[in-house]
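Notes to accompany the following structure.
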Amino acid sequence: MTEITSTPVRQVRPATEGWSQKLDAEGRPLLQFGSPKRGKPPVHLADLTAAERVERIKELGLPGFRAKQLATHYFTHYTSDPADMTDLPAAGREELVAGLLPPLLTEVRRLETDRGDTIKFLWRLHDGALVESVLMRYPGRITLCISSQAGCGMNCPFCATGQAGLTRNMSTAEIVDQIVRANRALAAGELGGKKRGETTPERVSNIVFMGMGEPLANYARVVQAVRTMIAPQPEGLGMSARGITVSTVGLVPAIKKLAAEDIPVTFALSLHAPDDQLRDELIPVNSRWKVDEALDAARAYFDATGRRVSIEYALIKDMNDHGWRAELLAEKLNARGRGWVHVNPIPLNPTPGSIWTASEPAAQAEFVRRLVDAGVPTTIRDTRGKEIDGACGQLAAAD
Ligand code: SAH
């Protein structure tokens, strides 16, 4: 074991930086696992299984085969506009669409980076709650960072969303509709950075649940949304599970449940510290499930799915970027085997008013070097969208 006290480097802690942890009635760090009760969003095609869709259409007094036609419009052509649906009889078309494809996300604002290859969408939900998604073009793939909750109950001090508290869980269809809306924008040529002469139709290829919210705290809806993403068109979006990343602060029982779902999504654990002493402060949920339990669950996820897991690590200057922490992290990962994990450090994106800053480039390089020297594959994650407050941890949906 590495000695914390023998390290002659500065150790900044959340508490010494003026952060104070809110506590619950039992004196434990305040966490909101349950969603506050609010009016439910309207039921939408994307909330329903194929059988339920047919059922619902029949309830509206229409033949069941209309379900597939509607699903094709929504999941293949990304439209909810009755005017586009000329294969449906004009009589009753509006009612059918109103009944199964009610509007869920109203675009409030859109921010783009200079070259236009990143767009941040701010959406208003039916009850006024605000959420964001970020669309990014990379060579060979288009990634959408989506939200799973309005706000977040996990209270991580360095994350803008975490500081705002939880407004409510998003419904399955609200989660899925972010992708449909992004695909609609892509089809309309609204994302810049496309190679000249490129004419193939574009759609989102990769999803990261790294927008607002803790996906595993909204477990049932998130898992159903994933199932809809990977169901073949027109039943769903026809995406590859491998291109979908579910990122969590480490809700251990939910990680175990996810591993048993038999959907090979990529799993990411937001670790940010290899020692409980610091992680207790940095990730309040560590008061429930410790570093070793979270790592054991991550390893078990690999065992169950064969999918290499990611460890996320936001490098915060003098807080968690010490060389000994890189070594301790490598030791803990290697103790659980080789080839099952890689580490994704990311320089902290300071949130507005944040007291912490990103690690110095030299500290970051040294952190990576120690992991790599210990045989742990490590790649720095990019901080796309920083200048539009669209980077990780900056999604606060301030309107
Ligand atoms: N609740 C989930 C997913 C949302 S956050 C989770 O915690 O994993 C997605 C990632 O962004 C997480 O790894 C989170 O720790 C990280 N993050 C949050 N705030 C950040 C910030 N200010 N700078 C860099 N990464 C941040």
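Summary of values
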item: Considering residues of the range 130-154 that are outside any strand (DSSP E or B) and open to solvent by 10 Å² or more (accessible area, probe 1.4 Å) only, the residue nearest to the ligand (Cβ to nearest atom); result: Cys152
item: Number of the condition not met by Thr167 [criteria: (1) open to solvent by 20 Å² or more (accessible area, probe 1.4 Å); (2) assigned to a helix (DSSP H, G or I); (3) within 30 Å of Ala15 (Cα to Cα)]; result: (2)
item: Matching entry among Thr228, Thr245 (being touching a residue at least 60 places away in the same chain (Cβ under 8 Å), touching a Gly at 6+ places or on another chain (Cβ under 6 Å) and β-branched (Val, Ile, Thr)); result: Thr228
item: Near pairs, Cβ below 8 angstrom, 6+ apart or cross-chain, from the range 197-210 (touching a residue at least 60 places away in the same chain (Cβ under 8 Å)) to any residue that is open to solvent by 30 Å² or more (accessible area, probe 1.4 Å); result: Glu202/Ala187; Glu202/Lys194; Arg203/Ala187; Ser205/Arg141; Ser205/Ser240; Asn206/Arg141; Met210/Cys392
item: Those residues of the range 56-75 which are closer than 15 Å to Asp177 by Cβ and either open to solvent by 20 Å² or more (accessible area, probe 1.4 Å) or of a type in the set (Gly, Ala, Ser) (or both), in sequence order; result: Ala71
item: Whichever residue in the range 326-344 is of a type in the set (Gly, Ala, Ser) and in a helix (DSSP H, G or I) and, among such residues, is nearest to Glu366 (Cα to Cα); result: Ala326
item: Single unsatisfied condition, Ile57 versus (1) touching a Gly at 6+ places or on another chain (Cβ under 8 Å); (2) of a type in the set (Val, Ile, Thr); (3) not in a helix (DSSP H, G or I); result: (3)
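Residue-by-condition table, conditions (1) in contact with a His (Cβ under 9 Å, 6 or more places away or on another chain); (2) open to solvent by 10 Å² or more (accessible area, probe 1.4 Å); (3) small (Gly, Ala, Ser); (4) closer than 25 Å to Val12 by Cβ:
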| residue | (1), (2), (3), (4) |
| --- | --- |
| Ala259 | no, yes, yes, no |
| Asp262 | no, yes, no, no |
| Thr266 | no, yes, no, no |
| Leu269 | no, no, no, yes |
| Asn286 | no, no, no, yes |
| Glu293 | no, yes, no, no |
| Ala298 | no, no, yes, no |
| Gly306 | no, yes, yes, no |
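The values are calculated or read from the model by the stated rules, or taken from the named source; none is laboratory data. If you're wondering where the values come from, they're calculated on a predicted model, not measured in any experiment. A quick note on method: Cβ atoms are made from the backbone with ideal geometry, for glycine too, and the neighbour counts reach across all protein chains shown. Heads up: the accessible areas ignore ligands, DNA and RNA and are worked out on the full protein's heavy atoms, side chains in. Shrake-Rupley method; radii C 1.70, N 1.55, O 1.52, S 1.80 Å.
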